[in-house]
Amino acid sequence: MGSEILRPPGHDRSPSTIELPAPTAWPIVSAFGLTLVFAGLVTSASVSILGAILAIAGCVGWFREVLPHEKHESVQVEERVPVVATSRPEVTQVRWMTEELHRARLPLEIYPISAGIKGGLAGSVAMAVLAVMYGIISGHGVWYPINLLSAGFFPARTTVEQIAAFHWDALIIATIIHLLCSVLVGLLYGVALPMFPRHPVLLGGAIAPVLWSGLLHSILDAINPVLNQRIDWLWFVLSQIGFGVVAGIVVSRQTRVHTWQSLPLGVRAGIEVSGRVHQDNEDGH
Amino acid sequence: MSTDAIALPGTGLASRPIVVRLHEWVTTVDHKRLGILYIIYALVFLLIAGIEAIVIRIQLIRPHNDFVSPQVFNRMFTMHGTTMIFFVVMPVLFGFANYLLPLMIGARDMAFPRLNAFSFWMTAFGGLLLYFSLVGANGLYGAGNAPDVGWFAYAPLTSQTFSLGHSTDFWILGILVSGFGSIGVAINIVSTVICMRCPGMTLAKMPLFAWLNFVMAGLVILAVSPLTAAQIMLLVDRYLGGHFFDTQAGGSAVMWMHFFWIFGHPEVYVLVLPAFAFVSEIVPVFSRKPIFGYSVMVGATVAIGFISMSVWAHHMFTVGMGANANTFFVLSTMAIAVPTGIKIFNWLATMWGGKIDFKTPMLFCIAFLFQFLVAGLTGVMLGTAPFNWHLGNSYFVVAHFHYVIVGGILFALFGAFYYWFPKMSGKMYNETLGKLHFWLFFIGFHLTFDFMHIPGLLGMPRRIYTYEPGRGWDTWNLIVTIGVFFQAAGILVFLGNFIWSYFRGESVGSDPWDAWTLEWSTNSPPPVYNFATIPEVKSRRPLWDLKHPDDPD
């Protein structure tokens, strides 16, 4: 079977001599001449003249070696050729993953995009509930966390009273920020969770919120200074965990779909590729 | 490991007269010999440029130092930068591409063997012309010898008014001449990849090494041409009364910047794509896994090729291009981080779950991964225009691009040296010395370039000759210079290891790493014709198929 896959050098009947391009001095002569042409610009005209002569001679000699027929030399083929072999001939098959594929292209299944969107939206509700609870418990009211989220857009509202009051524009901006971020993070969960198949809720509910909170902690002063000054990090982390647990549970309960990695690009792109799918199916791919 | 033991081809040839052997090397059109010539040439210039770097760092080791004069200092950083980019890294990468490409794609030689030889000699003579300035440029004006205008030679420093004598002319001509060689070798690589692949090797089955060098060669053709044009324009300015870059006569100094950086930034990718190629071959073999996401790696490479042509002016944020231009180049710079990041993830995913063998080539590749990541992150920082306004032309920039070129490219290059040295020489290097080299260079690199960021953040400008004490720069500069000596020691161990191993090393078979690409199926070193019969492949890992006939890819 191996010889069908690659015909190793020497395994077939190889020729005793091989024709190769003959060595020649004309390239170096041409290159040296051309260099002298340029060097003459900063030294002496005679250097350029000498260079031009050499370059022309090099070109003429070169052309005469390739026109009308390229000059070759015969090289004797060595008798000894290496045997392609390995000290690791055994191959362990990953049959526990699949019985169908010759090569497992992991992951075999992923969550659909809709799973990430659903998870993000569900997580956004949980996070909103926790944030509003914080507003009520802290005594600032339900609009306080909403206004804080959109505070970067309204730098004039700096006092606690202003931030605790209802503003329809702040509500719209905060809702957009909240939904957009939630859906994007939900999509990220949808992509990442198959890589951690054993503990999806741990990833969603603990690891990711802590990482996300750490990242925000380092950059929040730049993107929303008002929120950075007033944020209660304990509640923030709790709301992130709430988001993560709910999003993780929702995403992990969705039905996975097979990836198309084993299919050729043309098929995945929906382009008609004659014969390819049929051939792959015959091979059991 | 391979079980065969192959005698070195050409055994007994060493007894021939040295003149005959020299003649063979000078007249050779064999891609392997030309590859080795490129590599040796680059190593010689690496030593020269390394010495220049040591001079720079000794000068900056303490405040008010006068180890060299300000004039010599200017020449040192100009020659160091120019040499490292044009006469070390580019040639050595061309050398590896020359040597390995035909072997990897199952060809007997490059598409144009004579053009290949011509290209090498143009590159070589370009470097010699640049260094001839040391004796040839000391003109009547007492203007000094070697070029001193910096490696990007901004106008109006290069005008006759500010650059007397011929030093700048030698800089222009040296790069111009080597540029012809670069374009020649790029045409050869593109043609070879398109036309010379063995039967069965479709583009989708081609080794990533070939893909990356293919894109690199395309970039060379696109990027070096504007530089060559700009060099000719500068010559016209200097000697024929042109005013391309003369602002007082209606020209534009900023136009030189655009010409230079539309070469200069793709050039970074010209240098780093072959480094990616090395890592893409070494990491799978030493992780005992196929590369993760081959198709995505190819796509990311092509994407880098395209995007890299649209980021050049992020070198010019401090010029004052206007908000629209700044915004465009910030966004394009951010965009190029995406395919580059994909590559980093794919290399990590290749290692993930693999049976990693921490041999010297793999150590260098692992270090490359993390150092190049840091280099990319500081690149994103500098690609943000407001940040760049604060730190442009500071030592932070110097630290960033040395992180790219040394921490990224040079580390991958060292990995490549260790990985393919057995193929090129038929001898195995000394693993202990290889690891000593790694650790010396690793420590030296981090001492130098980690700590170099800090004086940059504290306001130390690049190219400064000396500085006042008490600015908080002193200790950092001392540490940075100490690191250089660790790196120099590492380089000496590296050279000593290879010289010793070449003459005294243990002979190896054709496939010491149990690898999967075609070059490992032929003798070490390969015969002049590469393969007695042209191979035919049916997968991306043809040697895997041969070694595991019951489980082919």
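Couple of notes before you dig in:
- Segment B:Trp500-B:Ile40, length gained on full extension (0.36 nm per residue, minus Cα span): 164.0 nm
- Straight Cα distances below 13 angstrom link B:Lys423 to the aspartates and glutamates B:Glu506, B:Asp511, B:Asp514, B:Glu519, with same-chain residues fewer than 8 positions distant left out.
- Phi angles of segment B:352-360 translate, via the Karplus equation with coefficients 6.51, -1.76, 1.60 and θ = phi - 60°, into HN-Hα couplings of 4, x, x, 9, 6, 10, 7, 6, 3 Hz per residue; Gly and Pro are given as x.
- Sparsely packed chymotrypsin sites (Phe, Trp or Tyr not before Pro) within segment A:160-257, loop by DSSP, other Cβ within 10 Å at most 13: A:Phe166
- Remark on segment A:16-76: Rg and Dmax equal 15.3, 53 Å (Cα only).
- Chain B: angle of helix B:323-351 to the longest principal axis, Cα-based, in degrees nearest 10: 30
- Inter-label distance, nm, simple model (7 Å from Cα along the C-beta direction), B:Thr318/A:Ile172: 4.4
- For the protein assembly as shown, the fraction of alpha-carbon pairs lying more than 35 Å apart is 56 percent, rounded to a whole number.
- Mean residue ellipticity (222 nm) of the protein assembly as shown, computed from DSSP H runs ≥ 4 via -39,500 (n - 2.57), nearest 500: -20000 deg cm²/dmol
- When chains A and B come together, the accessible area they lose, probed at 1.4 Å and totalled over both chains, is close to 5100 Å².
- Between segment B:412-427 and segment A:151-169, the Cα center-to-center distance that results, in Å: 64
- Segment A:109-254, relative contact order [Cα under 8 Å, separation at least 6], %: 42
- Our summary gives segment B:22-547 a relative contact order of 16 percent, counting only alpha carbon pairs under 8 angstrom and 6 or more residues apart.
- Exposed-site-free run, longest, chain B (rule: chymotrypsin sites (Phe, Trp or Tyr not before Pro); DSSP loop; at most 15 other C-beta within 10 Å): B:359-553
- Calculated P(r) of segment A:109-254 - Cα pairs past 18 Å, %: 55
- Cα convex hull, chain B: 150 Å³ per residue, rounded to a whole number.
- Set of segment A:182-216 residues, backbone N closer than 15 Å to the point 7 Å along the Cα-Cβ line of A:Trp233: A:210-216
- For segment A:110-130 versus segment B:26-75, the spacing of their alpha-carbon centroids is 58 Å.
- Degrees separating the helix B:208-239 axis from the principal Cα axis of chain B, which is the longest one: 30
- Solvent exposure of the protein assembly as shown as accessible area per residue, Å², 1.4 Å probe: 43
- Shown for segment B:320-440 is the translational diffusion coefficient from the Stokes-Einstein equation, using the Kirkwood radius over Cα pairs, a temperature of 4 °C and a viscosity of 1.567 mPa s: 79 µm²/s.
- Legend: calculated FRET efficiency, A:Gln254 to B:Ala489, from the Cβ-Cβ distance at R0 = 56 Å, rounded to 0.05, equals 0.45.
- Approximate spin-label separation B:Ile482-A:Leu202, in nm, with each point projected 7 Å along Cα-to-Cβ: 4.3
- B:Thr533 long-range amide H proximity, modeled H, under 5 Å: A:Gly10
- Extension gain, B:Leu157-B:Trp352: 0.36 nm per intervening residue step, less the Cα-Cα distance, totals 65.1 nm.
- Spacing of the two label points (7 Å from each Cα toward its C-beta) at B:Val72 and B:Cys195, in nm: 5.1
- What the Cβ-Cβ distance of B:Val26 and A:Ile53 gives, at R0 = 25 Å and to the nearest 0.05, is a FRET efficiency of 0.80.
- Accessible-area value, B:Ile194, 1.4 Å probe, nucleic acids and ligands omitted, Å²: 100
- Calculated FRET efficiency for the pair B:Leu134/B:Ile61, C-beta based, R₀ 25 Å, to 0.05: 0.50
- Nearest 10 degrees, 0 to 90: helix B:294-307 Cα axis against chain B principal axis: 20
The values are calculated or read from the model by the stated rules, or taken from the named source; none is laboratory data. All of these numbers come straight from a predicted model, not from anything done at the bench. Cβ atoms come from the backbone with ideal geometry, glycine included; neighbour counts cover every protein chain shown. Surface accessibility is based on the protein's heavy atoms, side chains included, excluding ligands, DNA and RNA. Shrake-Rupley method; radii C 1.70, N 1.55, O 1.52, S 1.80 Å.
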